[in-house]
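Before any comments, here is the structure.
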Amino acid sequence: MTEIPKSHPRYASLMTRERIADGVRNGITSVQGLIAQGRGEAFDYILGERTMRSADRATLAASAALLLAERPAISVNGNVAALVPAEMVELASLLNAPLEVNLFHRSEDRVRKIADLLRSHGASMVLGERPDCRIPGLEHSRALATRGGIYDADVVVIPLEDGDRCEALVRMGKTVIAVDLNPLSRTSMMASISIVDNITRAVPNLIGKIRSLSGSTREDLQAVLSDYSNRSTLRDAILEMREYLTARMNELDRE
């Protein structure tokens, strides 16, 4: 990867780009994943490259849902594998949940490389190499699923997800937790809990909140979920983005 000094004001963003590009070179990320990364980064600018209050609230609700889950599962695609492989393994370990590789631009070679990458970071339960069922209502490769993983899960984490599979999983009666920088995407709108944040911030925050809530009673966790509204949270995310942009415009006016 390109050497980028930590003193660079755009260090975190540039390192994210390098990880995605490296993922393409190593056969982990699809070329189309580069486009998806650029689209997400544009929204991160509008967020001010920070975790908003609304995202923090959604992350708390997601943590409660995962701790209450009987059969949680975590989906991993090429961009996720390139950006946060170690963090996804840590999250799965905390929840005793399987990681399941699921790709739109699927090849068996890419699935194997992602699975091997996750195992190299210590993952003990990696599914997706031998799917044995399909998500109803989908005709492309993301319909492929595994019993004991996403197909049988009651709560599914789907970072950087396609909207149609999100909708299909919700139709199956699952609690779906999405990570998406665009609060207006179909994924964000359809998910049970939408974390509008960069995945490089969202997953570590999710891990931290799960640890902090791990000693809570089921009643307390249920109360956290009862207080959560995804529609209100998405509305607040848009308002926070507008506030940030207004503040930047006021700075320009003062200059």
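Rg/Rh for segment 50-208 stands at 0.92; both radii use Cα atoms, and Rh follows the Kirkwood definition. Between A86, A62, A178, the residue with the greatest mean-square fluctuation in the GNM of the chain (Cα pairs under 10 Å linked by springs) is A86. Taking a Cβ cut-off of under 15 Å around P136, the surrounding Lys, Arg, Asp and Glu residues balance to a net charge of +1, with basic ones at +1 and acidic ones at -1. Site pair A42 and S214 shows an inter-label distance of 4.0 nm when each label is modelled 7 Å from Cα along Cα→Cβ.
Counted residue by residue at 0.36 nm each, then reduced by the alpha carbon distance between them, the extension gain from L252 to R53 reaches 69.2 nm.
Taken about its Cα centre, segment 104-167 carries a charge dipole of about 280 debye when Lys and Arg each add +1 at the Cβ and Asp and Glu each add -1 at the Cβ. What 222 nm value per residue comes from the helices of the chain, counting each DSSP H run with n ≥ 4 as -39,500 (n - 2.57) and dividing by all residues, nearest 500 deg cm²/dmol? For the chain, the value works out to -17500 deg cm²/dmol. Think of segment 85-148 as a dipole: +1 on every Lys or Arg Cβ, -1 on every Asp or Glu Cβ, centred on the Cα centre; then among L117, V101, P136, P136 lies furthest on the positive end. Using a simple spin-label model with pseudo-atoms 7 Å out from Cα toward Cβ, R10 and S124 lie 4.3 nm apart. Ignoring ligands, DNA and RNA, what percent of the accessible area of segment 181-255 is carbon or sulfur (1.4 Å)? Percent of accessible area from carbon and sulfur atoms in segment 181-255: 51. Taking 17 Å as the cut-off, the amide N atoms of segment 72-98 that come nearer than this to a point 7 Å along the Cα-to-beta-carbon line of D154 belong to 72-74, 95-98.
Label-to-label distance, D22 versus H140, with points set 7 angstrom from Cα along the beta-carbon direction: 2.8 nm.
The values are calculated or read from the model by the stated rules, or taken from the named source; none is laboratory data. This one's a predicted model, so the numbers in the text were calculated from it and none came from an experiment. Please note: Cβ atoms are built from the backbone with ideal geometry, for glycine as well, and neighbour counts cover all protein chains shown. When the accessible area is computed, the model is the full protein with side chains, heavy atoms only, and any ligands, DNA or RNA have been set aside. Shrake-Rupley method; radii C 1.70, N 1.55, O 1.52, S 1.80 Å.
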